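Inspection log for the structure reproduced underneath, given as structure tokens.
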Amino acid sequence: MMNREALLDLYARALESVGKAYAPFSGFKVGAAALMEDEEGNVRVFTGANVENSSYGLTVCAERVAIFKGVSEGFRKLRAVAVVASKDGEVIPVVPCGACRQVMWEFGDGETLIYNGARTYRLSHLLPDAFKLG
Ligand code: THU
């Protein structure tokens, strides 16, 4: 469904977004890019960065920022996510946290791709037997 070039483009957008991270507490800057589709079949990329807060628990991950941007613009189908982090100038591949995996599942499916520069996962691999209402 997605070729390698499209995934690399998505990764480039995630890498750009690392520079937008607000991470004064952890110093762990994360960028994400979500490839999303609306009901008419239009496809768009939404980017996000982590946004921390002095009340630490209020921090939101880059992946959720990107996905919520898309959903709030009417793009509810999540096809792929690229994510990458940087700390002390070093690029670090990120595997999304559990909360972000559950949010990905809400808008994606088992086939949703997650690419972090080191490897590609399917969401069914990162979140097997996902919670469903009913
Ligand atoms: N973070 C993300 O943005 N995405 C992840 O998948 C894991 C963690 C952020 C949250 C926090 O700002 C920092 O990384 C350290 O946990």
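The values are calculated or read from the model by the stated rules, or taken from the named source; none is laboratory data. Because the structure is a prediction, the values reported are computed rather than measured. Using ideal geometry, Cβ is built from the backbone for each residue, glycine included, and neighbour counts are taken over all protein chains shown. Quick note on the areas: whole protein, heavy atoms, side chains included, nothing else; ligands and nucleic acids left out. Shrake-Rupley method; radii C 1.70, N 1.55, O 1.52, S 1.80 Å.
Values as computed for the structure displayed
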{"quantity": "Unique match (being open to solvent by 60 Å² or more (accessible area, probe 1.4 Å), at pLDDT 95 or above and of a type outside the set (K, R)) among L58, L35", "calculated": "L58"}
{"quantity": "From A62, A66, residue being within 16 Å of the ligand (Cβ to nearest atom), under 18 Å from V103 (Cα atoms) and out of contact with any Phe, Trp or Tyr (no Cβ under 8 Å at 6 or more places or on another chain)", "calculated": "A62"}
{"quantity": "Members of the stretch 86-106 that are touching a helix residue (DSSP H, G or I) at 6+ places or on another chain (Cβ under 6 Å) and in contact (Cβ under 8 Å) with a residue 40 or more places away in the chain", "calculated": "S86, V103, M104"}
{"quantity": "Residue satisfying all of: in the stretch 80-119; away from the ligand (no atom under 13 Å from the Cβ), open to solvent by 60 Å² or more (accessible area, probe 1.4 Å) and in contact with a strand residue (DSSP E or B) (Cβ under 8 Å, 6 or more places away or on another chain); nearest to E37 (Cα to Cα) among these", "calculated": "E111"}
{"quantity": "Unique residue being surrounded by 15 or more Cβ atoms within 10 Å (Cβ to Cβ) and not basic (K, R) when the list is G74, G48", "calculated": "G48"}
{"quantity": "Failed item, numbered, when L10 is tested on (1) open to solvent by less than 80 Å² (accessible area, probe 1.4 Å); (2) more than 9 Å from the ligand (Cβ to nearest atom); (3) part of a strand (DSSP E or B)", "calculated": "(3)"}
{"quantity": "Boolean, Y22 is within 13 Å of the ligand (Cβ to nearest atom), of a type in the set (S, T, Y) and more than 22 Å from G117 (Cβ to Cβ)", "calculated": "no"}
